[in-house]
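Read-outs: derived from the displayed coordinates by stated rules, not from any lab. It should be emphasised that the depicted structure is a prediction, and the values quoted were computed from it without experimental measurement. Heads up, the Cβs are rebuilt from the backbone with ideal geometry, glycines too, and the neighbour counts pull from every protein chain shown.
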């Protein structure tokens with residue numbers, strides 16, 4: 001199959017390929033095997049265009065043996081404008097769509113609506129609310145707010161942690177037992193009685209006096 005293009009048509013084809021290339025590879029962090037066939041076809045088309053005089057639009061890298069669209073040429077076209085317009089529209093569409101979908105899920109508590117018509121009506125109403133807000137204020141009023149539930153859990157946790165302090169107070173009873181151990185000091189005082197027994201030994205002296213009287 002052969003297709004003939006005018007110079008202008010070939011340039012428009014390259015613009016279309018540039019947009020396709022951007023969609024396929026601009027967000028890639030690493031190689032994706034699913035895209036190999038598409039990238040090979042792009043290389044084939046770039047090669048044919050390069051060989052047919054599009055040396056301003058396409059550059060060839062001797063090291064990698066690959067063809068690339070020229071950034072200087074792209075800036076002269078409407079390619080970047082089309083891409084930016086698409087990304088901008090896609091961003092707002094996705095943002096309102098996902099917020100509406102989230103709100104419905106919360107409102108229904110994970111349950112499915114009764115019927116499709118109810119879901120569409122609810123979704124449209126919520127999405128329209130977000131569209132009007134973003135159209136008026138952009139992202140000015142969009143903020144992340146912490147939920148109140150985690151704060152309650154923290155209070156409960158701190159209350160439970162206070163319990164060990166009460167147990168520590170109850171454990172002061174052993175100190176009273178230590179006071180009761182003071183009793184041995186009284187026993188030490190009772191052991192002083194042997195000193196009185198030494199005084200009683202003075203009785204033999206009286207017996208000696210009786211013998212002298214005879």
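Of everything in region 66-114, what is within 23 Å of residue 25 (Cβ to Cβ), touching a helix residue (DSSP H, G or I) at 6+ places or on another chain (Cβ under 9 Å) and not in a helix (DSSP H, G or I)? Give them in sequence order.
66, 67, 68, 69, 77, 78
So the check is Cβ under 7 Å with 6+ separation or different chains; which pairs have a first residue in region 45-58 that's closer than 20 Å to residue 78 by Cα and a second one that's loosely packed, with under 12 Cβ neighbours inside 10 Å?
Note: no pairs meet the criteria.
Of the conditions (1) in contact (Cβ under 8 Å) with a residue 40 or more places away in the chain; (2) more than 30 Å from residue 122 (Cβ to Cβ), residue 92 fails just one. Which one is it?
Every listed condition holds for residue 92 apart from (2).
Residues checked against (1) outside any helix (DSSP H, G or I); (2) touching a residue at least 60 places away in the same chain (Cβ under 8 Å); (3) touching a strand residue (DSSP E or B) at 6+ places or on another chain (Cβ under 7 Å):
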site: 4; (1), (2), (3): yes, no, no
site: 16; (1), (2), (3): no, no, no
site: 19; (1), (2), (3): no, yes, no
site: 24; (1), (2), (3): no, no, no
site: 27; (1), (2), (3): yes, no, no
site: 30; (1), (2), (3): yes, no, no
site: 36; (1), (2), (3): no, no, no
site: 40; (1), (2), (3): no, no, no
